[in-house]
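No lab work stands behind these numbers, since they all come straight from the coordinates. Predicted model only: the values in this text are computed from it and were never measured. Every residue, glycine among them, receives a Cβ derived from its backbone with ideal geometry; neighbour counts consider all protein chains shown.
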Amino acid sequence: MAGSTLEIKNLHVSIEGKEILKGVNLTVKGGEFHAIMGPNGTGKSTLASAIMGHPKYEITEGSILLNGEDVLEMEVDERARAGLFLAMQYPSEISGVTTSDFLRSAINARREEGNEIPLMQFIKDLDKDLDFLEIDQSMATRYLNEGFSGGEKKRNEILQLMQIKPDIAILDEIDSGLDIDALKVVSKGINKMRGEDFGCLIITHYQRLLNYITPDFVHVMMQGRVVKSGGPELAHRLEAEGYDWIKEELGIEDETVGQNA
Amino acid sequence: MTVDTKLPYDRSYIEQFSAERNEPEWMKELRLNALDQAESLELPKPDKTKIGNWNFTRFKHVATGEKIASLTDLPAEIQDFFDVENLPENIVIQRNHTVAFAQLNEELSNKGVIFTDIFTALKEHEDLVKRYYMKDAVAVEEHKLTALHAALMNGGVFVYVPKNVQIEEPLQAVFWQEDPEVALVNHVLVVAEENSELTYVENYISNNKEEATVANIVTEVIAQDNAKVSFGAVDNFAAGTTTYVNRRGVGYRHATIDWALGQMNDGNTVSENVTHLIGDGSVSNANAVTVGRGKQIQNFTAKIAQWGKNSDAQILQRGVMKESATSIFNAIGKIEHGASGANNEQTSRVLMLSEKARGDANPILLIDEDDVTAGHAASVGRVDPMQLYYLMSRGITQEEAERLVIHGFLDPVVAQLPIAAVKKQLKQVIERKVN
């Protein structure tokens with residue numbers, strides 16, 4: 001199979017009664033890297049959370065399909081086992097559970113009972129990815145995200161991405177709070193995933209991540225919708241000129257979700 | 001009071017019980033004196049738990065247990081306590097009140113280490129037992145239950161490590177209440193002489209889900225100057241047993257007493273774990289975990305009282321409450337006047353898994369000295385839905401995610417148990433209790 005397809009159609013999402021997404025349309029296929037850009041408060045992270053099934057977000061209209069299957073009918077863990085992955089902006093700390101034990105549970109959750117990953121192979125794969133991401137080996141035995149610096153948490157999210165090998169990954173502001181060296185390492189990990197069987201949706205409001213990861217498609221979100229799409233050149237223009245020209249073009253005064261065009 | 005608290009055992013019964021075991025005269029006198037006091041003394045008053053109508057007096061007092069030839073003859077549930085491939089060198093297994101199996105590494109016994117049941121110790125090491133038995137740690141007359149314990153003590157072990165002897169291999173005791181109606185009135189006395197070191201781990205187990213009986217346990221740990229005692233326990237009495245367990249330590253100069261207690265009883269339980277840091281520079285880490293289920297009511301008090309200058313006390317309690325279980329966690333730090341430079345930290349955390357469960361964490365600091373540091377933290381909460389969301393977003397089922405969070409919550413204490421097989425066994429008990 002040459003990759004999965006994630007289709008988001010006319011997606012409307014509310015949180016505590018307030019509508020944040022107002023009709024998002026987007027398709028991500030295996031082999032494609034999409035970037036979603038846009039100023040703060042335009043609904044980017046809501047889109048990521050809604051796809052994964054965050055309990056606080058309510059889908060009021062529209063659909064999300066993964067290879068034609070209705071994602072909205074699935075529990076969070078079923079979505080993950082179907083092939084979705086979300087690198088979170090604020091990963092939870094899980095005291096008492098080591099990164100290594102957690103990763104093994106996550107990997108085995110995708111495998112049939114009786115076909116669990118052999119321990120030696122798991123250790124070998126984990127060591128390789130830790131080295132690749134320039135993470136100290138001790139992270140494997142530390143409790144998941146507990147006491148991790150911001151940068152360590154982001155690297156750990158990418159470590160999970162590399163270990164779990166999803167079909168479609170959503171990366172929610174994976175670049176926030178990273179210094180330039182960490183940004184390079186994180187980008188290296190994401191780029192390593194590139195391939196026909198892997199599609200990626202990268203959410204960022206800085207263009208700088210896209211200096212290291214070249215997206216095939218760039219989308220701009222404002223007021224809870226995708227208002228403009230293009231190729232990598234769109235990101236470069238945003239870097240150079242900011243968002244005002246788009247607002248002008250579309251007649252938008254306030255780009256945040258509280259407003260309507 | 002609805003419950004008849006009149007004792008079912010009288011002076012002549014105790015005289016006979018003591019005579020049958022050829023106990024020394026002082027022991028018989030101690031028992032009889034305690035019996036007299038038990039009539040008039042009141043029950044202890046654990047903070048926020050009413051125990052007035054709990055059964056502490058209705059039980060069968062004796063039952064014999066057969067000896068076994070080898071550890072591998074034990075039932076599987078007891079074999080869980082050790083690694084069958086790598087059998088422990090130093091172990092006492094008490095079946096009801098009889099020693100079913102005991103062995104001690106010869107090298108250790110040549111060095112003067114004593115690890116034997118309490119009745120043998122009374123015969124062979126009378127002076128040592130007499131010197132410490134209910135003297136410096138727990139007193140007979142503290143309340144009705146300590147007095148009852150002294151009067152009716154029917155089992156236990158004596159551990160003695162001479163000066164300058166450091167034991168690397170752990171000493172392990174298994175107290176197996178095989179008869180569903182018999183009470184364990186168990187006394188554990190651990191004496192670590194100057195500059196000695198030992199690790200002791202005990203397991204209590206019973207299967208009486210229906211039959212009502214009592215466990216009345218007193219443990220005394222004496223750590224002389226520079227001694228280091230690491231004490232681990234897994235309590236696993238079934239729902240029919242009402243438990244009073246008092247584990248008390250006394251630490252002298254630069255002594256260390258560390259506790260790692262897995263308190264997994266299914267019946268009502270009052271637990272006191274009190275350590276007196278008498279000597280300068282003495283240290284105690286008191287760690288305890290529990291899982292409450294069914295309708296059981298439990299009260300856990302961990303207290304460290306500090307007299308020694310620069311003494312250091314750390315209390316860590318973790319509890320998981322499910323179904324209609326109720327638990328009170330009292331963490332008490334007491335720093336006496338003159339204990340300058342003392343430090344006392346306490347943390348009590350309770351995780352609630354059901355609407356009907358109740359948990360209460362009460363950190364208490366009582367300080368009579370200016371030059372000290374102290375701190376406490378307490379929390380009672382539910383499983384964080386964001387943690388579950390995060391774990392499930394990696395494909396882990398909700399059930400497995402909850403399991404990970406619960407085990408993780410208890411891990412800081414479980415990890416401290418000093419014997420790998422016991423740690424594993426505690427994890428299994430936790431697994432059974434939370435699922």
Where does the longest stretch of chain B lie that holds no GluC sites (Glu not before Pro) found in a DSSP loop with 12 or fewer other Cβ atoms within 10 Å? B:211-354
With a cap of 16 neighbouring Cβ atoms within 10 Å, and only residues DSSP puts in a loop, list the trypsin sites (Lys or Arg not before Pro) found in the range A:156-261. A:Arg194
Please report the antiparallel percentage of the DSSP beta bridges confined to chain B, to the nearest 5. 5
Return the Rg/Rh value of the range A:110-261, two decimal places, where both radii are evaluated on C-alpha atoms and Rh is the Kirkwood radius. 1.05
Calculate the all-directions average of the projected area of the range A:179-261's alpha-carbon convex hull, and give it in nm². 6.3
Only helices counted: for chain B, with every DSSP H run of 4 or more residues adding -39500 (n - 2.57) and the sum spread over all residues, [θ] at 222 nm is -6500 deg cm²/dmol
Taking the Cα centre of each part, how many Å lie between the range B:133-167 and the range A:205-261? 75
Cut-off of 10 Å, at most 14 other beta carbons, DSSP loop: longest stretch of chain A lacking such GluC sites (Glu not before Pro): A:135-195
Footprinting exposure proxy for B:Leu426, B:Leu189 (fewest neighbouring C-beta atoms within 10 Å first): B:Leu189, B:Leu426
Quick one: grab the alpha carbon gyration tensor of the range B:250-365, order the square roots of its eigenvalues as a ≥ b ≥ c, and give me rounded if a/c is under 1.5, else prolate or oblate depending on whether a/b is larger than b/c. prolate
One finds the C-alpha centres of the range A:61-115 and the range A:154-183 to be spaced, in Å, by 15
Along the charge dipole of the range A:95-139, Cβ charges K/R +1 and D/E -1, which of A:Ser105, A:Ile123, A:Ser95 sits furthest on the positive end? A:Ser105
Report, in degrees rounded to the nearest 10, the 0 to 90 angle that the Cα long axis of helix A:99-109 makes with the longest principal axis of chain A. 80
Between the range A:123-145 and the range B:217-267, the Cα center-to-center distance that results, in Å: 38
Select from A:Thr141, A:Thr214, A:Thr99 the residue whose mean-square fluctuation is largest in a Gaussian network model of chain A (Cα-Cα springs shorter than 10 Å). A:Thr141
Where the Cα pairs of chain B fall when distances are cut into 10 Å bins, in %: 5, 22, 33, 27, 12, 2, 0
Once normalised by the length of the range A:176-261, the mean sequence separation of its alpha carbon contacts under 8 Å that are 6 or more apart gives a contact order in percent of 23
Tell me the Kirkwood radius of chain A: reciprocal of the mean inverse pair distance over distinct alpha-carbon atoms, in Å. 19.0
Relative to the longest principal axis of the C-alpha atoms of chain A, give the angle of the C-alpha long axis of helix A:150-164, reported between 0 and 90° and rounded to the nearest 10°. 70
Considering all projection directions equally, how large on average is the shadow of the alpha-carbon convex hull of the range A:12-59, in square nanometres? 3.7
The protein assembly as shown: Cα Rg divided by the 2.2 N^0.38 Å rule of thumb: 1.18
Chain B, Gaussian network, Cα under 10 Å: of B:Gln398, B:Gln177, B:Gln166, the residue fluctuating most is B:Gln398
Kirkwood hydrodynamic radius of the range A:87-127, from inverse mean 1/r over distinct Cα pairs, in Å: 11.6
Please state the relative contact order of chain A as a whole percent: Cα pairs under 8 Å, 6+ residues apart? 30
Can you put B:Val422, B:Val62 in order of Cβ neighbours within 10 angstrom, beginning with the fewest? B:Val62, B:Val422
Return the loop-located trypsin sites (Lys or Arg not before Pro) in the range B:282-386 (DSSP other than H, G, I, E, B) with at most 13 other Cβ atoms within 10 Å of their own Cβ; answer none if there are none. B:Lys295, B:Lys356
With only helices counted (DSSP H, runs n ≥ 4, each -39500 (n - 2.57)), the per-residue ellipticity at 222 nm for chain A, to the nearest 500, works out to -10000 deg cm²/dmol
Based on the Cα gyration tensor of the range B:163-268, what are the three equivalent ellipsoid semi-axes, each the root of five times an eigenvalue, rounded to whole Å and given largest first? 30, 12, 10
Solvent-free Debye scattering, log10 I(q)/I(0), computed from the Cα coordinates of the range A:109-192 at q = 0.12 Å⁻¹: -0.37
Cα-based convex hull, the range B:16-122, per residue volume (Å³, whole number): 198
For the range A:37-120, report the translational diffusion coefficient in µm²/s to the nearest whole number, using Stokes-Einstein at 25 °C, 0.890 mPa s, and a Kirkwood Rh over Cα pairs. 162
Could you tell me which chymotrypsin sites (Phe, Trp or Tyr not before Pro) in the range B:1-60 are loop residues by DSSP with no more than 16 other beta carbons within 10 angstrom of their beta carbon? B:Tyr9
Proportion of all alpha-carbon pairs of the range B:126-180 beyond 17 Å (%): 57
Two decimals, Cα atoms only, Kirkwood Rh: what is Rg/Rh over the range B:213-306? 1.04
Please give the per residue volume of the convex hull enclosing the alpha carbon atoms of the range B:341-391, rounded to a whole number of Å³. 85
Over 27 Å (Cα to Cα) - which of A:Lys154/B:Lys427; B:Lys209/B:Lys424; B:Lys228/B:Lys334; A:Lys44/A:Lys247; A:Lys124/A:Lys192 fall in this group: A:Lys154/B:Lys427
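Expressed as a whole percent, how much of the Cα-Cα distance distribution for the range A:1-150 exceeds 18 Å? Let's see the in-between values first.
Working: 7482 of 11175 pairs.
Of the Cα pairs, 67 percent sit more than 18 Å apart.
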Kirkwood-based Rg to Rh ratio, the range B:300-435, C-alpha trace: 1.06
Going by how many other Cβ atoms sit within 10 Å of their own, how do A:Tyr243, B:Tyr133 line up, fewest first? A:Tyr243, B:Tyr133
Note down the relative contact order for chain B as a percent, whole number, built from C-alpha pairs under 8 angstrom at least six residues apart. 11
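Please get the size of the charge dipole for the range B:84-141, origin at its Cα centre, with Cβ charges of +1 on Lys and Arg and -1 on Asp and Glu, quoted in debye to the nearest 20.
Values: 6 positive and 10 negative charges, 41 e Å.
The calculated dipole for the range B:84-141 is roughly 200 debye.
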